[in-house]
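Pasting a structure below so you can have a look.
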Amino acid sequence: MPATLHEHALFTAGPVLGGVHRLDAGVASHAHDFLEIAVIGAGHGRHVTSQGEQPLRRGQVVVLRPGAWHGFRDCAGLVVANCCLSAQALRAELAPLYDLAMPRRMLWTDPVASGTHGVAVTAVDPAAAEEAVAEIGLLERDLAADRSRPGRVLGRLVTVLGILADGRTPAGQEHGPAIHPAVAATVARLEAAPARAWRLDDLARAVSLDPAYLGRLFRRHVGLTPLDFLARLRAERAATLLAHSALPAARVGAAVGWDDPTYFARRFRALVGLTPTEYRRRSRAAVHEQPGPEAG
């Protein structure tokens, strides 16, 4: 059974991890409580998610939100370059990335869209993919250096995101408008207290906007309504609690703002692709065979 890769065990030297790996065998399905970007290079393999199995090809970019799960099968010389970001850091020191349209779409909007279960698969030009793989290799080298290089690591991360954005955006095309301040403020409120019984009226009042107008702004910039975005946040926090705590599933639901156990189970399955019980079982199975970060 698949396991869960845990942020507290992997992010010991900072908020970013990276590495380039060649897979010649399958990797068991596993979940993450952090965000992962996987850039596919040369080789062959199949990608396993809640949506089924799909063949992988050079230039694909897989982004997984915390709580999402995936795996690899039938790999032969498959190059996978992983760049992983701490979920906690995405709410703190890496939060400014959300203010930029390009990383906002890549790291937040696309993988939280309805029906994705937290996994977004896009494609870039193969040359851009190779460049991103090389940059992630340099990131891996910097992370392994004897002395800390936080500035250089952050620079590598921004470069990787820029390469991937340029690789899928025609030259000269706008990356999108800067996020509206009211949307940014609303996201911050939801991130800070996802268990609160938020209503659209409350959120709109806090930014002095009409609720319908805030809803339209939020959908334009985030791709979801404020309450749908809140549901995704709750599912991600619930996934972490299911993997890390012994709380009964019903109490996990209540802790993230879903007091009704039946409703919690239904919403969690719709957003993650597994019931809370299934997710917890997968996260705790095969602990001694848990894949390392190189597995994707």
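Values in this text are rule-based calculations from the coordinates and carry no lab data. This structure is a prediction, so every number in the text was calculated from the model and none was measured. Here the Cβ is made from the backbone with ideal geometry for all residues, glycine too, and neighbour counts use every protein chain on show.
When N counts the residues of region 4-173, how does its alpha-carbon radius of gyration compare numerically with 2.2 N^0.38 Å, as a ratio?
For region 4-173, the normalised Cα radius of gyration comes out at 0.97.
Right, here's the next one. Given points 7 Å out from each Cα along the Cα-Cβ axis, report the Ala42 to Arg141 separation in nanometres with one decimal.
1.9 nm
Also, I was wondering about something else. What residue among Gly167, Tyr98, Gly253 has its Cα farthest toward the positive end of the dipole of the chain, where the charges are +1 on Lys, Arg and -1 on Asp, Glu, each on the Cβ?
Toward the positive end, the furthest listed residue is Gly253.
While we're on this one: Roughly how big is the chain's charge dipole about its Cα centre, with Cβ charges of +1 (Lys, Arg) and -1 (Asp, Glu), in debye to the nearest 20?
700 debye
Please sort through the DSSP H helices of the chain and keep those with an alpha-carbon extent of at least 30 Å along the long axis and a Kyte-Doolittle average not below -1.0.
Helix filter hits for the chain: none.
Please label the shape of region 145-251 as rounded, prolate or oblate, based on the square roots a ≥ b ≥ c of the eigenvalues of the alpha-carbon gyration tensor (a/c under 1.5 means rounded; beyond that, a/b larger than b/c means prolate, else oblate).
Cα axes put region 145-251 in the oblate bin.
What is the magnitude of the charge dipole of region 4-173 about its Cα centre, with +1 placed on the Cβ of each Lys and Arg, -1 on the Cβ of each Asp and Glu, and no other charges, expressed in debye to the nearest 20?
It works out to roughly 60 debye.
Next up: Please report the relative contact order for the chain, taking Cα pairs under 8 Å with a sequence separation of at least 6, and give it as a percent rounded to a whole number.
Once divided by the residue count of the chain, the mean separation gives 22 percent.
Take the alpha carbon gyration tensor of region 203-246, find the square roots of its eigenvalues, order them as a ≥ b ≥ c, and report rounded if a/c is under 1.5; if not, report prolate when a/b exceeds b/c, else oblate.
prolate
If we restrict to alpha carbons, what Rg and Dmax does the chain come to, in Å?
18.7, 56
Select from His221, Phe264, Ala231 the residue farthest towards the positive end of the dipole of the chain; place +1 on Cβ of Lys and Arg, -1 on Cβ of Asp and Glu, and compute about the Cα centre.
Sorting the options by dipole projection puts first Phe264.
About its Cα centre, how strong a charge dipole does region 129-274 have in debye, to the nearest 20, once Lys and Arg get +1 and Asp and Glu get -1 at the Cβ?
460 debye
Per the helix-only calculation at 222 nm, which mean residue ellipticity applies to the chain, given -39500 (n - 2.57) for every DSSP H run of n ≥ 4 and division by its residues, nearest 500 deg cm²/dmol?
Mean residue ellipticity, 222 nm, calculated: -13000 deg cm²/dmol.
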